[in-house]
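The block underneath contains the structure these notes are about, expressed in structure tokens.
Coordinate-derived values only; no laboratory data. Just so it is clear, the structure is predicted and the values come from calculations on it, not from any experiment. Cβ: placed from backbone, ideal geometry, glycine included. Neighbour counts: every protein chain shown.
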């Protein structure tokens with residue numbers, strides 16, 4: 001690409017212009033958030049990353065930890081997703097890369113890969129249970145839980161933020177499909 005060309009992304013997502021949905025539950029954008037994929041191979045790297053982020057990197061499967069607007073979701077034995085405001089992502093990436101220098105790790109900005117939305121309200125869990133194969137009963141999936149799964153045909157990362165509030169991250173290309181499916185479920189009550 002010639003040096004004088006500037007790349008301008010089309011839009012942050014297909015759901016940016018959609019208004020929030022309300023009913024027995026509500027659906028809102030969380031588009032101002034970005035993400036870092038974090039690969040750590042040993043305990044020393046986890047400790048260094050935790051210090052750089054200011055939040056403990058979760059060691060327990062399918063959990064997440066948050067402090068302020070920074071959330072770290074467990075994705076696998078050596079993989080985490082850092083969810084934070086777009087304005088903070090570059091600084092967090094720099095802090096992590098500095099803290100992890102010389103260690104066998106990877107810190108990758110994957111903000112453009114997915115879109116975040118929040119489903120909340122008393123009917124939120126019931127709506128998710130209709131399209132997600134996970135056992136979402138509060139005994140099994142409660143505040144602080146996260147998992148990779150799907151809702152209908154959309155692959156999602158699902159995190160329960162509190163009793164009736166869930167964060168869903170979905171591929172940008174599937175965001176409108178997921179938004180419309182959740183909006184339809186809210187409308188039908």
Quick one: which of 55-62, 157-164 comes out on top by average Cβ neighbours within 10 Å, and what's the full order, highest first?
-> 157-164, 55-62
When you count, for each residue, the other Cβ atoms within 10 Å and take the mean per peptide, how do 176-182, 108-114 rank with the highest first?
-> 176-182, 108-114
Which shape class, rounded, prolate or oblate, goes with the stretch 25-188 when its Cα gyration tensor gives a ≥ b ≥ c as root eigenvalues, a/c under 1.5 marks rounded, and past that a/b bigger than b/c marks prolate?
-> prolate
Compare the peptides 165-172, 91-98, 117-124 by average per-residue count of other Cβ atoms within 10 angstrom and give them in order, highest first.
-> 165-172, 117-124, 91-98
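When only C-alpha pairs under 8 Å and at least 6 residues apart count, what is the relative contact order of the chain, in percent?
Values: 361 pairs, mean separation 46.7, N = 189.
Computed over the chain, the figure is 25 percent.
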